[in-house]
1. Looking at the chain, send over the antiparallel percent of its DSSP beta bridges, to the nearest 5.
2. Over the Cα atoms of region 529-671, how large are the radius of gyration and the largest Cα-Cα distance (Dmax), in Å?
3. For residue 478, what is the net charge nearby, where nearby means another residue's Cβ is under 13 Å from its Cβ and Lys, Arg count +1, Asp, Glu -1?
4. What Kirkwood radius, in Å to one decimal, follows from the Cα pairs of region 418-506?
5. What Kirkwood hydrodynamic radius do you get for region 469-579 when you take the inverse of the mean 1/r over all pairs of distinct Cα atoms, in Å?
6. If contacts are Cα pairs under 8 angstrom and at least 6 residues apart, what is the relative contact order of region 500-622 in percent?
7. For helix 305-342, report the angle its Cα long axis makes with the longest principal axis of the Cα atoms of the chain; keep it between 0 and 90° and round to the nearest 10°.
8. Before rounding to the nearest 500, sum -39500 (n - 2.57) across all DSSP H runs of length at least 4 in the chain and divide by the residue total; then give [θ] at 222 nm in deg cm²/dmol.
Amino acid sequence: MIINKIIIDNYGVFCGRHEFVLHSDKQTKKPKPIILFGGMNGAGKTTLFNAIKLCLYGDEIPDQKKNGNYKAFLKDKIHQSGDLLIQSNYASVEIEFQYSKNGRLNTFVVERQWEGDQGKIIENLNVKQDGECLDELEKESWQEFVKELIPVGLSQLFFFDGEKIQKMMSDDSNKEFKKSIKAMFGLDLVERLKADLKIYRTKYLMEKSSKPLEMERDELENKLRLIQANKRMLEDQKSTLTNDVKKTENIIVEYKDKITSQGGNYLENRESLISMKLTLEKEIEVVKEKLRDLCSGLLPVSLAPTLAKRLRSQIIKENEFKDNKIASKLLSQKSRTFLKRINSKVFLSDVLDLKSVDLKKIKKHLEEEIKNHFDGEDNQEKLKILHGMSQQQTSIISYNIDSSLNGIPDKINNLTKEYERKFRKLQKTQVGIQRVPDDELVRPMYDRLNELYKESGGLESEMKGLDEKLGQLNNDQNEIGRKISQVDSKLEENNKSDMKLLLVKKTEKVIDAYYKDLARLKSHNLTNEFTNIFNSLHRKKDMIHRIEINPETFDVCLYDINNRAIDKHKLSSGEMEIYAMSMVWGLAKISGQNLPFIIDTPLGRLDSHHRDNILNIFFPNASHQMLIFSTDTEVDRKNFEILKPHISSAFHLEHSDKEKNTKVKKGYFWN
């Protein structure tokens with residue numbers, strides 16, 4: 001499929017008719033698959049992106065089915081301008097594309113046009129094939145043809161918003177994504193064949209059945225149709241209710257933001273803030289008292305460490321000097337007593353028999369030695385006594401000086417830090433108290449918020465009730481299905497030798513086996529394709545070493561190089577976008593679906609390295625036609641130069657705030 005043209009008329013922000021020629025039959029030496037649409041936020045990129053889906057799918061457009069009123073949606077898309085005296089009452093979207101059907105290349109033109117008529121919206125769908133309008137019968141089947149061409153589920157893969165697709169891929173319970181995988185694998189066709197065989201078998205059995213069994217089965221079928229109708233009705237109600245829940249949640253968030261901007265959070269915490277202020281003031285006063293105690297105590301000493309050390313040294317020296325002086329005095333007294341004894345006549349004379357001369361020499365020598373060693377008063381160095389403190393006073397002062405030099409600095413440092421911490425917390429608390437708004441200002445907001453919470457609770461209760469009813473209907477449906485199977489078994493038993501039924505059974509077995517084998521094969525191929533693509537796009541090689549796709553549930557599990565499971569919810573936004581793009585490209589490769597890629601907001605969550613990989617690898621190679629809707633910050637000058645060799649066309653959507661509409665110019669922002 002190749003899109004040749006997109007034409008919009010009075011659609012959204014676009015006033016009047018605008019034609020985008022995307023493809024021509026002119027051949028180029030090198031394929032140029034990229035068509036670039038540039039515009040600032042609000043210029044109409046997403047509007048044009050959604051217009052393509054609207055033209056193809058109408059009221060089947062996925063986002064619109066969730067949001068409800070299709071006619072209101074169409075009315076909202078008719079361009080309105082405050083400068084015009086007569087406002088437009090119509091709008092249209094037209095797409096021309098080429099598609100190979102039954103081995104022949106056909107050109108289709110699809111125009112979806114609607115207009116307001118006395119408050120009602122009238123929609124018309126016109127389809128041409130190779131210039132000829134389709135008849136009514138063909139037109140009625142057109143929507144089915146489009147669904148075959150691009151199943152609604154697939155449209156979310158090939159026509160995707162870079163930010164929204166991350167959520168779809170990360171949600172393992174997303175039914176549309178799993179349907180898309182089935183469609184890409186070709187399994188939807190197999191399922192349709194199985195369903196057709198079942199219908200054929202049922203009709204054939206009914207033709208061969210007895211009247212009682214036929215009536216019983218008809219009654220069961222009627223009950224089943226009623227249950228299915230009730231289910232569809234409840235599912236529609238649930239869809240509308242889900243939308244109401246989301247709207248209410250958004251309004252709640254808005255009111256919370258308003259209350260926060262008005263200081264509402266401070267109002268809620270006013271009492272706790274006042275209590276905290278009083279507590280902090282008391283704690284700060286305790287810290288101050290401790291600081292005052294230190295200031296009146298040893299703190300001044302710690303501020304003059306050199307003088308303190310000199311004082312300690314001086315009083316210790318003085319004390320030692322006094323001790324030495326006392327000891328010297330005692331020694332002097334003892335030495336004089338000993339000298340008297342030496343000089344006595346009887347000293348050594350009664351022990352040694354010596355001549356008087358020799359004895360005198362000995363006494364004289366002893367006397368000199370005693371004087372030299374024990375006469376301390378003559379030898380002690382003189383010291384000026386400044387303080388004259390006792391031993392006890394010296395010990396106390398030395399201890400205090402040691403404490404002031406070693407313990408006091410740590411204490412004062414810890415106390416000042418504690419004071420600063422508490423003081424800053426007090427300042428923050430006081431600011432919070434000052435920000436407390438007047439109760440009259442925010443009370444209405446709180447009242448409205450409480451009402452919204454009640455509404456939300458009521459909606460959730462209603463949702464719970466719907467879920468319970470749906471659950472009961474599912475049980476009823478399963479029970480009816482079981483009874484229908486029992487009737488069919490009886491019918492088959494009565495016709496067990498019928499050749500047609502035997503062939504149907506054999507065919508069903510073959511199809512079941514084929515379905516399982518095809519699912520396994522395609523899952524295996526997708527695993528290999530995805531791994532190769534992801535590792536070529538992601539800067540961390542082997543971050544996702546392999547994936548596993550359950551061929552029955554189509555759940556996707558990721559594993560690292562150590563074979564540990566990776567939680568998809570823990571991937572960053574950029575990694576999730578790379579994962580999504582790799583999965584889409586891998587699915588496109590194994591399916592053989594030659595469809596264009598249409599990407600809105602493609603690079604918003606990616607860093608520079610991953611952007612380069614997407615620009616150099618994904619955009620030029622993922623599809624034969626790549627429509628990119630970008631701002632000037634996503635595809636900037638540098639990125640534009642990278643893409644330039646692959647760009648066939650570029651358009652600049654320029655919005656005028658004055659005229660309230662968007663004009664289209666050829667070329668990109670600066671090209």
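1. Roughly 70 percent of the beta bridges in the chain run antiparallel, per DSSP.
2. Reported Rg and Dmax, both Å: 17.5, 59.
3. Residues near residue 478 contribute +2 overall.
4. About 20.4 Å for region 418-506.
5. 18.1
6. 24
7. 30
8. -20500 deg cm²/dmol
Any read-out appearing in this document is the output of simple, stated calculations on the displayed coordinates, not a laboratory observation. None of these values were measured; they are calculated from a predicted model. Ideal geometry is used to build each Cβ from the backbone, glycine not excepted, and the neighbour counts take in all protein chains shown.
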